[in-house]
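K.L.:
Take a look at the following structure, please.
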Amino acid sequence: MLPGNDVSEAQDCAVIIIGGGPCGLTLAIELGRRDVPVILLEEKTSPARFPAANATQARTMEHYRRLGFAEKVRAEGLPPDYPTDIAYFTRYSKHELARFSLPSARAAREIVRTLTGSWSAAELPHRVSQMFVEGVLRAEAAVCPTVSIRAGWRMAAVRDTGGGVEVDAEHDGGRTTLRAAYAMGADGGPSPTRKALGYGYVGESGAIRDFMGGRMFAIHFRSTKLYGVIPHSRAWMYWAVNRDRRAFMATVNGRDEFNFHTQLTPDQPAEQITDAQAKAMFREALAAPLDVEIIARSSWTAGYTLVAEKFQRGRIFLGGDAVHLFTPAGGLGYNTAVEDAVNLGWKLNAVLKGWGGAALLDTYEVERQAIAKRNTAYARGFADSLGLFVPPPELEDEGPAGEAARKLTGDHFNHHARFEFNIPGITFGGRYDDSPIVVSDGTAPPPDAPNSYQPTATPGGRAPHLWLGDGRSLYDTLGFEFTLLALGARPADTAPFRAAAAALNMPLAIVPVPGDEARDLYGADLALIRPDQIVAWRGNSAAGAIRVLRRAAGLTD
Ligand SMILES: Cc1cc2nc3c(=O)[nH]c(=O)nc-3n(C[C@H](O)[C@H](O)[C@H](O)COP(=O)(O)OP(=O)(O)OC[C@H]3O[C@@H](n4cnc5c(N)ncnc54)[C@H](O)[C@@H]3O)c2cc1C
């Protein structure tokens with residue numbers, strides 16, 4: 001048995017996590033940081049070596065900052081001064097059509113302190129391959145004393161026994177039954193856990209587009225000569241727009257590794273594509289005779305807008321790709337998966353530690369399913385804007401007709417790039433207004449919009465961010481569980497909250513934030529912030545403290 005006081009004699013741990021991708025690893029970290037005994041099963045024996053996701057959104061980086069390893073993630077991937085531009089070409093060595101310039105990792109760290117409004121944040125996005133992020137997440141989970149990562153262990157069956165869960169795991173030629181209080185299926189799109197619970201996806205699975213709608217083929221390759229062949233400024237994301245080989249290519253390490261994706265025709269099975277054919281596809285997008293070294297290959301389907309009908313049954317939860325599948329336009333799949341884990345992590349801990357009510361766990365589905373529907377719909381809009389655009393026939397012609405076609409295409413993609421890659425509204429604006437653990441104050445939040453975000457302390461959304469006079473982020477002052485912000489020069493009495501938290505055995509940090517700026521930003525003297533940095537309540541009087549805390553902790557009257 002693992003250490004910790006949350007586990008009965010009959011259980012091997014408190015929570016079994018099935019799947020060691022971003023969702024499962026983040027949940028392991030959230031629970032491990034709280035000394036909750038966890039066993040994580042991952043059927044693969046060695047980490048994925050395919051880059052997969054390319055973008056860690058700002059909100060995910062803020063969570064990594066809360067957990068203390070944002071800097072480790074920001075140090076991964078591209079060199080610190082490498083530009084993270086998104087650029088569109090007819091073919092990579094031919095005409096540049098459009099470009100959206102974004103800051104390097106070093107610049108992002110500096111300019112975030114100067115930004116207000118939509119980008120008022122503790123962290124900006126980071127452009128980095130998922131395989132590097134997963135390396136950091138795995139290391140962070142592994143150092144938690146109560147987390148046991150079992151690589152090469154495959155979940156074969158999962159059962160809710162009423163008083164707990166049982167998971168049969170196959171490993172080393174044998175089979176072990178593990179017992180715990182709760183289980184989380186973070187086992188990706190095919191999710192055997194979701195299937196065991198009998199839940200399907202709802203939504204669209206077969207969108208057909210000129211690009212980003214159909215079967216995709218990808219190679220992760222090495223070339224020391226590619227930069228010498230592309231006669232344009234360096235970019236992070238290279239798109240090829242033409243009538244016979246549309247593609248995108250992410251820069252993996254800023255030196256010699258790249259990840260190239262193109263769409264297959266319906267009669268082209270990915271497994272039958274030879275390496276020579278794969279290289280020829282890349283050369284079509286490049287339009288130059290360059291040989292590359294293939295490191296790995298992969299195929300995936302674009303055109304999904306799918307959300308599972310349920311995220312929970314009894315003591316078994318589902319998160320990440322197991323409950324939502326995106327077309328990766330906008331870069332939201334892995335980021336939504338991380339936020340699922342953040343949401344469930346503090347709630348499971350609260351219930352296991354006894355200060356959270358059983359109803360708290362039911363709010364996971366209420367809160368996260370709505371976000372999954374919202375985010376998959378945004379991604380679909382990006383995929384439509386990108387993939388329904390059909391390049392004009394004259395696009396690659398020399399002369400005035402070709403120039404006009406390139407101008408039209410460039411205008412479209414200059415607009416599109418800012419639509420898809422400048423998304424503070426999506427990343428910061430997700431809200432839990434319908435959640436029973438959010439105490440509404442009757443105010444309406446600003447409208448949801450992908451490309452702009454208006455900080456608001458209307459309960460149910462991300463706590464507005466502020467850089468404090470001493471240079472710290474407001475977020476760095478928050479407690480790890482609930483925090484009561486006492487705002488302004490003459491904040492309200494906080495003693496009732498202190499007493500109520502003590503009575504409920506509920507961890508509560510009380511943080512004074514003097515000054516008019518914070519008081520104005522929050523529009524109240526007091527604000528209760530959840531462990532996931534969501535505003536649970538705001539008001540000017542602590543008179544109802546016990547009622548507010550009970551509600552936020554899912555304790556029913
Ligand atoms: C080309 C491409 C680009 C993308 N770009 C982005 C992007 O820029 N931004 C973004 O946010 N998202 C992006 N995504 C999506 C992102 O990769 C996924 O959303 C993310 O990996 C989901 O994480 P997860 O932990 O839910 O699932 P996964 O990463 O799929 O992890 C599931 C894990 O469960 C394990 N598992 C499965 N069954 C079992 C079992 N029976 N027992 C034990 N273990 C099991 C698997 O081995 C796997 O390791 C992209 C995807 C693709 C294909």
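The values are calculated or read from the model by the stated rules, or taken from the named source; none is laboratory data. Since this is a predicted model, take the numbers as computed values, not measurements. Heads up, the Cβs are rebuilt from the backbone with ideal geometry, glycines too, and the neighbour counts pull from every protein chain shown. Just so you know, the surface numbers come from the protein's heavy atoms only, side chains and all, with ligands and any DNA or RNA stripped out. Shrake-Rupley method; radii C 1.70, N 1.55, O 1.52, S 1.80 Å.
K.L.:
What accessible area, in Å² to the nearest ten, does a 1.4 Å probe give for Ile208?
P.N.:
It works out to around 140 Å².
K.L.:
To continue, here is another question. What aspartates and glutamates does Lys353 reach when the alpha-carbon gap must be under 13 Å and sequence neighbours fewer than 8 apart in one chain are set aside?
P.N.:
Those aspartates and glutamates meeting the cut-off are Asp6, Asp35, Glu481.
K.L.:
Treat every Asp and Glu Cβ in the stretch 340-471 as -1 and every Lys and Arg Cβ as +1, leave all other atoms uncharged, and give the resulting dipole magnitude about the Cα centre to the nearest 20 debye. Could the numbers behind the result be given before it?
P.N.:
Working: 11 positive and 17 negative charges, 119 e Å.
In total the dipole reaches around 580 debye.
K.L.:
Right, another one. Please compute the volume of the convex hull spanned by the alpha-carbon atoms of the chain and report it per residue in Å³.
P.N.:
Cα convex hull per residue, to the nearest whole number: 148 Å³.
K.L.:
Using the Cβ atoms and a cut-off under 9 Å, what net charge is assigned to the surroundings of Thr90, where Lys and Arg are +1 and Asp and Glu are -1?
P.N.:
On the way: positive: Arg91, Lys94, Arg406; negative: Glu96, Glu396.
Combined, the nearby Lys, Arg, Asp and Glu give +1.
K.L.:
Quick one: compute a quarter of the convex hull surface over the Cα atoms of the stretch 1-122 and quote it in nm².
P.N.:
On the way: hull surface 45.2 nm².
About 11.3 nm², averaged over all directions.
K.L.:
Could you compute Rg(Cα) / (2.2 N^0.38 Å) for the stretch 283-322, with N its residue count?
P.N.:
Values: Rg = 19.6 Å, N = 40, 2.2 N^0.38 = 8.9 Å.
Here the answer is 2.19, to two decimals.
K.L.:
How big is D, in µm² s⁻¹, for the stretch 18-61 by Stokes-Einstein at 25 °C and 0.890 mPa s if Rh is the Kirkwood radius over C-alpha pairs?
P.N.:
Values: Rh = 12.1 Å.
D = 203 µm²/s.
K.L.:
Counting only helical runs of four or more DSSP H residues, what would the 222 nm mean residue ellipticity of the chain come to if each run contributes -39,500 (n - 2.57) and the total is spread over all its residues?
P.N.:
On the way: 15 runs with 171 residues, N = 557.
Estimated from H runs of four or more residues: -9500 deg cm²/dmol.
K.L.:
Sticking with this one: Under 19 Å Cα-Cα from Lys94, which lysines qualify once same-chain neighbours fewer than 8 residues away are excluded?
P.N.:
Lys225, Lys279, Lys407
K.L.:
Specify, per residue and in Å³, the volume enclosed by the convex hull of the alpha carbon atoms belonging to the stretch 106-192. Show your work: numbers first, answer last.
P.N.:
Values: hull volume 16.5 nm³, N = 87.
Each residue corresponds to 189 Å³ of Cα convex hull volume.
K.L.:
Taking the mean number of other Cβ atoms within 10 Å as a proxy for protection, how do you rank 232-238, 472-478 from highest to lowest?
P.N.:
Numbers: 232-238: 19.7, 472-478: 16.9.
Descending mean neighbour count gives 232-238, 472-478.
K.L.:
So, one more: I'd like the projected area of the stretch 319-425, averaged over all directions, using the convex hull of its alpha carbons. Report it in nm² with one decimal.
P.N.:
Working: hull surface 31.8 nm².
Reported value for the Cα convex hull: 8.0 nm².
K.L.:
What's the extension gain from Thr161 to Glu110 if we count 0.36 nm per residue and subtract their Cα-Cα distance?
P.N.:
Details: separation 51, 0.36 × 51 = 18.36 nm, distance 5.17 nm.
Extending this stretch completely gives an extra 13.2 nm.
K.L.:
Once fully extended, how much extra length lies between Asp397 and Glu309, figured as 0.36 nm per residue of separation less the alpha-carbon to alpha-carbon distance? Don't skip to the end; give the middle numbers.
P.N.:
On the way: separation 88, 0.36 × 88 = 31.68 nm, distance 4.90 nm.
So the chain would gain 26.8 nm between Asp397 and Glu309.
K.L.:
Per q in 0.14 1/Å, what log10 I(q)/I(0) does a Debye calculation on the alpha-carbon atoms of the stretch 197-343 return?
P.N.:
Summing over Cα pairs of the stretch 197-343 leads to -0.77.
K.L.:
Under a point-charge model restricted to the Cβ atoms of Lys and Arg (+1) and Asp and Glu (-1), what is the dipole moment magnitude of the chain relative to its Cα centre, in debye to the nearest 20?
P.N.:
Details: 59 positive and 63 negative charges, 64 e Å.
Value, rounded to 20: 300 debye.
K.L.:
Moving to a separate point now. Helix 359-387 versus the longest principal axis of the chain: what is the Cα-based angle in degrees, 0 to 90, to the nearest 10?
P.N.:
Approximately 20 degrees, to the nearest ten.
K.L.:
Please express the Cα-Cα pair-distance distribution P(r) of the stretch 384-471 as a list of whole percents, one per 10 Å bin, running from 0 to the bin with the greatest distance.
P.N.:
P(r) over the stretch 384-471, rounded to whole percents: 15, 28, 21, 17, 12, 7, 0.
K.L.:
Still on this structure, I have one more. For Tyr182, Tyr304, write out the residues from largest to smallest accessible area, computed with a 1.4 angstrom probe and no ligands counted. If you can, show how the numbers build up before the last one.
P.N.:
Numbers: Tyr182 25, Tyr304 60 Å².
Ranked from most to least accessible, the order is Tyr304, Tyr182.
K.L.:
Let me ask something else about it. Which aspartates and glutamates does Lys195 reach when only Cα atoms under 12 Å apart count, and residues fewer than 8 places away in its own chain are ignored?
P.N.:
Asp187, Glu309
K.L.:
Something else: Let's see if you can work this out: charge +1 on each Lys and Arg Cβ, -1 on each Asp and Glu Cβ, no other charges. What is the dipole magnitude of the stretch 293-409 about its Cα centre, in debye to the nearest 20?
P.N.:
Values: 12 positive and 14 negative charges, 176 e Å.
Rounded to the nearest 20 debye, it is 840 debye.
K.L.:
Indicate, rounded to the nearest 5 percent, the antiparallel portion of the DSSP beta bridges found entirely in the chain.
P.N.:
Details: 62 of 88 bridges.
Once the DSSP bridges in the chain are tallied, antiparallel ones form about 70 percent.
K.L.:
Over the stretch 146-250, consider all pairs of different Cα atoms and compute the Kirkwood hydrodynamic radius from their mean reciprocal separation; express it in Å, one decimal.
P.N.:
18.8
K.L.:
Kindly sort Leu408, Leu485 by accessible area of their heavy atoms, largest first, with the probe set to 1.4 Å. List each step's numbers first, then the result.
P.N.:
On the way: Leu408 100, Leu485 0 Å².
Most to least solvent-accessible, the answer reads Leu408, Leu485.
K.L.:
Show me the ranking of peptides 265-272, 534-541 by mean Cβ neighbours inside 10 Å, starting with the highest.
P.N.:
Values: 265-272: 9.2, 534-541: 20.9.
Packing proxy ranking, top to bottom: 534-541, 265-272.
K.L.:
Round to the nearest 0.05 the FRET efficiency obtained for Gln277 and Val511 when R0 = 56 Å and r is the Cβ-Cβ distance. Mind dumping the intermediate values first?
P.N.:
Numbers: r = 59 Å, r/R0 = 1.06.
Efficiency, rounded to the nearest 0.05: 0.40.
K.L.:
Report the full-extension gain for the segment Asp172 to Ser452: residue separation times 0.36 nm, less the Cα-Cα distance, to one decimal in nm.
P.N.:
Net length gain for the segment: 95.7 nm.
K.L.:
Along the charge dipole of the stretch 451-557, pointing to its positive end and built from +1/-1 on Cβ of Lys, Arg, Asp and Glu, which listed residue (Ala463, Leu485, Ala542) has its Cα farthest out?
P.N.:
Toward the positive end, the furthest listed residue is Ala542.
K.L.:
Now for a separate question. Sorting Ser205, Ser93 by accessible area (1.4 Å probe), largest first, what list results? Before the final figure, lay out each step's value.
P.N.:
Values: Ser205 65, Ser93 25 Å².
Descending accessible area places them as Ser205, Ser93.
K.L.:
Hey, if you put +1 on the Cβ of every Lys and Arg and -1 on every Asp and Glu Cβ in the stretch 163-289, which of Thr262, Pro190, Ile230 ends up farthest toward the positive end of that dipole?
P.N.:
Value: Ile230.
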